[in-house]
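Chemist: Take a look at this one; I'll ask things after.
The values are calculated or read from the model by the stated rules, or taken from the named source; none is laboratory data. All values reported here derive from a predicted model rather than from experimental measurement. Positions of Cβ are generated from backbone atoms using ideal geometry, with glycine treated the same way; all protein chains shown enter the neighbour counts.
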Amino acid sequence: MIGALLFRDIRLATRAGGSAALALAFFAAVATLVPLGVGVDLKLLMRVAAGVLWVAAVLAALLSLDRLFQADFEDGSLDVIALSPLSLETVAAVKIAAHWLTTGLPLTLLSPLLGVMFGLPPEAVGVLTLSLATGTPAVSAMGAIGAALTMSIRRGGLILPLLVLPLLAPAVIFGAGAVQAALDGLSSGALLFLAAFAVVATLLSPFAAGAAVRLNLAG
Amino acid sequence: MTTVQYLDIQKLTCIRGQRVLFRDLSFRVDGGQVLSLEGPNGAGKTSLLRVLAGLLPAAGGTVALVSGRGAETDADERGRRVAWLGHNDAAKPQLTPREVLMFFARLYGTRADIDAVLASVGLAKIANLACGYLSAGQKKRLALARLKVAERPVWLLDEPLSSLDADGRKRALDLVNGHVMFGGIVIAATHEPLGVASERLTLGAAA
Amino acid sequence: MFAFANPKRFMDASSAFLPWLVAVTVLSLGAGVVLGFLTPPDYQQGETVKLMFLHVPAAWTAMMAYGLLALTSLFSLVWRHPLSDVAAKTAAPLGAVFTVLGLITGSLWGRPMWGAYWVWDARLTSFLLLLFIYLGYIALWNAIEDEVRAARAAAILALLGAVNLPVIEFSVDWWNTLHQGESIFRAGGPRISAVFLWPLALSGIGYTLLFFTLWTVRIRTEILERRARSILLSGAA
């Protein structure tokens, strides 16, 4: 039952016109635009790389998040899913997992390439990739709460980032900070803080998102 | 599919916003019975169906699903015994009818014969065509097929005949008749006569 | 809290205590500001130190408002009470205004010290994020038409923000040390000499009371608006 939902969501995201490829393309396009804006000073690019790539990754993930529940809500699928043997909390958790597998994971896998293009040294590329692998589940999880809260709003896609971005500040700070500290040769607890944030966010969000789905279904 | 003896509704009250849709509504539907809900737009037919499904909490009253195992009043548990056909057909434009039905069968944990069900609603030929290309009537047929796949004792249907052609209606009524013949319960909100032997419940426009 | 849980009782009680509340607010706020301006200039900061009497209480009130927003949201989720919905809804715009006030006075205060209005000071950056959380809350309320559903959704968001704010605060502090920013807003504010303490306490009380006065007025307005709407609706049916 869980597998059915997981595979369906992954299939919807990866089929032609799905959100996975779009998010990945958005991520790469934003990252490409930055050097065009700030110039090709490799030293400067290296300093801003982690911040730029983290912000671009968060935005790319949010881009596909607004439809996480809304698409199923609008076409009636969510009613039918709600009446399945799965609890709404489980449904939320499965959807978060599917979102991360089709967005967070591909973004993480693409990030070393972009890191190299921004002139990051190998160790820093490693830390960047590790930080995205650790932090993007938190982005999917937090974003899912926002997606569940806004699913009945027609222009929910515009409100979602406002709700979620401030809450994701710790992920960006620790994620990009870990790379920055690595560049400066400092040892920092950033990756540990990031991991703690991601674990707590991932554990809590199915409950918050499930509650939000329940109240929107009653609407 | 476990059978249900009857559905017992006592003093059900539903308030939307600041409007009372219905108050102290009591009725009973036996297994093998079809109940058609009638009434003008805004009378609360859809809300009543959502309350019965456990999707919408009632402002008061109880809904009990009585079977050999006793009376079940918990909304979430009741939801596990209900098959739902709403205004929207839950047909994903990117997926084919077969994929949609396979998904719901696996999600609900049933072993329905998908091909047979597709044939029974007349969708066998376009079973592998993405739902985005289907007409409104064809999507409604898919939604009807989903009821069969769910293998649940209580069917809650919101306007099951809308956008169906003559052949589609006949197949829909066959499905409904087949369901109640084996002791199932069907509650359908309709604007027009359902065309099967049924009890009627008319919801008035709220004062 | 429960004594006021009934909107009708709240209307009665508040119309009795509101005039007193206004009077005490004006007195304490006035005394705080006047005494504040009579304090001697700071040996380091000069006259600009007087902005402290406007900034610190605004920052405090903005945080208190969020605490109250979270508390009333909890009430409205657990006890599903209409008055706590209204209380939470009306606390947010007020909290946002005090946050803006804190940001403006803070950047004016910091200007002579930093040589710039905005240097991504840790405290002020946290407040900027708090402002966005307030704005998100207000936007969510306005976007959902059904009042009950809007209240529940917004309450979930408010509690999520409450859980997250300490984490945000911590992460911003960490970020600031990583980038070696300098702050005049150290924990507990700059070292306060005794001369400043009284005016600061007074204007702190004044701001707090001002918040409660405005909050009461806004809750009353919202209750009256809802009554008017329900009369119109029942008249139409």
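Chemist: Got a number for residues in the range B:8-52 being of a type in the set (A, V, I, L, M, F, W, C) and either at pLDDT below 90 or within 28 Å of C:ARG227 (Cα to Cα) (or both)?
Modeler: First, the residues of the range B:8-52 that are of a type in the set (A, V, I, L, M, F, W, C): B:9, B:12, B:14-15, B:20-22, B:25, B:27, B:29, B:34-35, B:37, B:43, B:48-49, B:51-52.
Now drop any that are not either at pLDDT below 90 or within 28 Å of C:ARG227 (Cα to Cα) (or both), which leaves B:12, B:14-15, B:20-22, B:25, B:43, B:48, B:51.
Of the residues in the range B:8-52, 10 are of a type in the set (A, V, I, L, M, F, W, C) and either at pLDDT below 90 or within 28 Å of C:ARG227 (Cα to Cα) (or both).
Chemist: Hey, another quick one. Could you check, for the range A:22-31, whether at least one of its residues is within 14 Å of chain B (Cβ to nearest Cβ), in a helix (DSSP H, G or I) and either touching a helix residue (DSSP H, G or I) at 6+ places or on another chain (Cβ under 9 Å) or touching a residue at least 40 places away in the same chain (Cβ under 8 Å) (or both)? So that I can check it myself, show each step before the final result.
Modeler: Of the residues in the range A:22-31, the ones within 14 Å of chain B (Cβ to nearest Cβ) are A:22.
In the following step, the residues that additionally are in a helix (DSSP H, G or I) were identified as A:22.
Imposing the further condition that a residue be either touching a helix residue (DSSP H, G or I) at 6+ places or on another chain (Cβ under 9 Å) or touching a residue at least 40 places away in the same chain (Cβ under 8 Å) (or both) reduces the set to A:22.
The answer is yes; a qualifying residue exists.
Chemist: Here is a check on your reading of the model: is B:LEU35 surrounded by 22 or more Cβ atoms within 10 Å (Cβ to Cβ), closer than 14 Å to B:ILE9 by Cα and not basic (Lys, Arg)?
Modeler: On the way: surrounded by 22 or more Cβ atoms within 10 Å (Cβ to Cβ): no; closer than 14 Å to B:ILE9 by Cα: yes; not basic (Lys, Arg): yes.
So B:LEU35 does not fit the description; no.
Chemist: A follow-up question, please. Condition test on C:ALA116, is it surrounded by fewer than 16 Cβ atoms within 10 Å (Cβ to Cβ), hydrophobic (A, V, I, L, M, F, W, C) and over 13 Å from the mean Cα position of the chain (by Cα)? First the steps, then the outcome.
Modeler: On the way: surrounded by fewer than 16 Cβ atoms within 10 Å (Cβ to Cβ): yes; hydrophobic (A, V, I, L, M, F, W, C): yes; over 13 Å from the mean Cα position of the chain (by Cα): yes.
It is true that C:ALA116 is surrounded by fewer than 16 Cβ atoms within 10 Å (Cβ to Cβ), hydrophobic (A, V, I, L, M, F, W, C) and over 13 Å from the mean Cα position of the chain (by Cα).
Chemist: Next up: I'd like to check which strands (runs of 3 or more DSSP E) are fully inside the range B:109-207 and have at least 1 residues that are in contact with a helix residue (DSSP H, G or I) (Cβ under 6 Å, 6 or more places away or on another chain).
Modeler: Values: elements: B:154-158, B:185-189, B:199-202.
Here the list reads B:154-158, B:185-189.
Chemist: Within the bounds of the range A:133-141, is there any residue that is facing another protein chain (nearest Cβ under 7 Å) and modelled with pLDDT of 95 or more? Give the derivation first.
Modeler: Filtering the range A:133-141 down to residues facing another protein chain (nearest Cβ under 7 Å) leaves none.
For the range A:133-141, residues facing another protein chain (nearest Cβ under 7 Å) and modelled with pLDDT of 95 or more: absent.
Chemist: May I ask you to list the residues in the range A:181-200 that are buried (at least 23 other Cβ atoms within 10 Å of the Cβ) and at the interface with chain C (Cβ under 9 Å from one of its Cβ atoms)? If you could, list the steps in order and put the result at the bottom.
Modeler: Within the range A:181-200, the first condition is being buried (at least 23 other Cβ atoms within 10 Å of the Cβ), and the residues that meet it are A:182, A:190, A:194, A:197-198.
Within the range A:181-200, A:ALA190, A:PHE197 meet the criteria.
Chemist: May I ask you to say which residue of A:ALA141, A:ALA169, A:ALA196 is part of a helix (DSSP H, G or I) and either basic (Lys, Arg) or touching a residue at least 24 places away in the same chain (Cβ under 8 Å) (or both)?
Modeler: Numbers: A:ALA169 fails: either basic (Lys, Arg) or touching a residue at least 24 places away in the same chain (Cβ under 8 Å) (or both); A:ALA196 fails: either basic (Lys, Arg) or touching a residue at least 24 places away in the same chain (Cβ under 8 Å) (or both).
Within the list A:ALA141, A:ALA169, A:ALA196, the selection yields A:ALA141.
To keep it simple, each residue is scored yes or no on (1) within 20 Å of C:TRP215 (Cβ to Cβ); (2) basic (Lys, Arg).
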{"site": "C:LEU103", "(1), (2)": "no, no"}
{"site": "C:ARG149", "(1), (2)": "no, yes"}
{"site": "C:LEU159", "(1), (2)": "yes, no"}
{"site": "C:PHE170", "(1), (2)": "no, no"}
{"site": "C:LEU178", "(1), (2)": "no, no"}
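Chemist: Scanning the range B:55-79 for residues that are assigned to a loop (DSSP other than H, G, I, E, B) and surrounded by fewer than 16 Cβ atoms within 10 Å (Cβ to Cβ), which turns out farthest from the other protein chains (Cβ to nearest Cβ)? Talk me through it step by step, then tell me what you get.
Modeler: We begin by selecting, within the range B:55-79, every residue assigned to a loop (DSSP other than H, G, I, E, B); these are B:55-59, B:68-69, B:73-74.
Among the residues that remain, those that are also surrounded by fewer than 16 Cβ atoms within 10 Å (Cβ to Cβ) are: B:57, B:59, B:68-69, B:73-74.
On the way: B:PRO57: 6, B:ALA59: 11, B:GLY68: 20, B:ARG69: 17, B:THR73: 17, B:ASP74: 13 Å.
Only one residue tops the list, namely B:GLY68.
Chemist: Just to check your reading of the model, which residue among C:PHE212, C:PHE196, C:PHE185 is at pLDDT 85 or above and either more than 18 Å from the chain's Cα centre (by Cα) or more than 14 Å from chain A (Cβ to nearest Cβ) (or both)?
Modeler: Details: C:PHE196 fails: at pLDDT 85 or above; C:PHE185 fails: at pLDDT 85 or above.
Of C:PHE212, C:PHE196, C:PHE185, the one residue that is at pLDDT 85 or above and either more than 18 Å from the chain's Cα centre (by Cα) or more than 14 Å from chain A (Cβ to nearest Cβ) (or both) is C:PHE212.
Chemist: Continuing with this model, one more query. State whether one or more residues within the range C:61-80 are over 27 Å from A:ILE145 (Cα atoms) and either within 14 Å of the chain's Cα centre (by Cα) or not polar (S, T, N, Q) (or both). Break it down into steps so the answer makes sense when it comes.
Modeler: To start, the set of residues in the range C:61-80 that are over 27 Å from A:ILE145 (Cα atoms) comprises C:61.
Checking which are either within 14 Å of the chain's Cα centre (by Cα) or not polar (S, T, N, Q) (or both) leaves us with C:61.
Scanning the range C:61-80 turns up at least one residue that is over 27 Å from A:ILE145 (Cα atoms) and either within 14 Å of the chain's Cα centre (by Cα) or not polar (S, T, N, Q) (or both).
Chemist: Search the range B:47-68 for residues that are touching a residue at least 12 places away in the same chain (Cβ under 8 Å) and pair each with any residue that is of a type in the set (Phe, Trp, Tyr) when their beta-carbon atoms are under 6 Å apart and the residues are at least 6 apart or on different chains.
Modeler: B:ALA53/B:TRP84; B:VAL66/B:TYR6
Chemist: Could we say that A:LEU128 is outside any helix (DSSP H, G or I) and either away from every other protein chain (no Cβ under 14 Å) or in contact with a helix residue (DSSP H, G or I) (Cβ under 6 Å, 6 or more places away or on another chain) (or both) here? Steps first, answer last, please.
Modeler: Working: outside any helix (DSSP H, G or I): no; either away from every other protein chain (no Cβ under 14 Å) or in contact with a helix residue (DSSP H, G or I) (Cβ under 6 Å, 6 or more places away or on another chain) (or both): yes.
When the stated conditions are applied, A:LEU128 does not pass them.
Chemist: In this structure, is C:SER28 closer than 17 Å to C:ILE219 by Cβ and either assigned to a helix (DSSP H, G or I) or of a type outside the set (A, V, I, L, M, F, W, C) (or both)?
Modeler: On the way: closer than 17 Å to C:ILE219 by Cβ: no; either assigned to a helix (DSSP H, G or I) or of a type outside the set (A, V, I, L, M, F, W, C) (or both): yes.
Criteria not met by C:SER28.
Chemist: Tally the residues that are surrounded by fewer than 24 Cβ atoms within 10 Å (Cβ to Cβ) and at the interface with chain C (Cβ under 7 Å from one of its Cβ atoms), restricting the search to the range A:166-180. Let's see the steps before the verdict.
Modeler: Start the filter on the range A:166-180 by keeping residues that are surrounded by fewer than 24 Cβ atoms within 10 Å (Cβ to Cβ), which leaves A:166, A:169, A:172, A:180.
Checking the rest, the ones that are also at the interface with chain C (Cβ under 7 Å from one of its Cβ atoms) come to A:166, A:169, A:180.
Matching residues across the range A:166-180 total 3.
Chemist: Scanning the range C:138-159 for residues that are under 18 Å from the mean Cα position of the chain (by Cα), surrounded by fewer than 24 Cβ atoms within 10 Å (Cβ to Cβ) and at the interface with chain A (Cβ under 10 Å from one of its Cβ atoms), which turns out nearest to C:ILE223 (Cα to Cα)?
Modeler: So the first thing to find is which residues in the range C:138-159 are under 18 Å from the mean Cα position of the chain (by Cα), and the list is C:138-139, C:141, C:154-155, C:157-159.
If we keep only those that are surrounded by fewer than 24 Cβ atoms within 10 Å (Cβ to Cβ) as well, we get C:138-139, C:141, C:159.
Filter once more, keeping what is at the interface with chain A (Cβ under 10 Å from one of its Cβ atoms): C:138-139, C:159.
Values: C:ILE138: 18, C:ALA139: 20, C:LEU159: 23 Å.
The qualifying residue nearest to C:ILE223 (Cα to Cα) is C:ILE138.
Chemist: How about the range A:144-165: which of its residues are assigned to a helix (DSSP H, G or I), facing chain C (nearest Cβ under 8 Å), out of contact with any Ser or Thr (no Cβ under 6 Å at 6 or more places or on another chain) and more than 25 Å from A:LEU105 (Cβ to Cβ)?
Modeler: Matches in the range A:144-165: A:LEU162 only.
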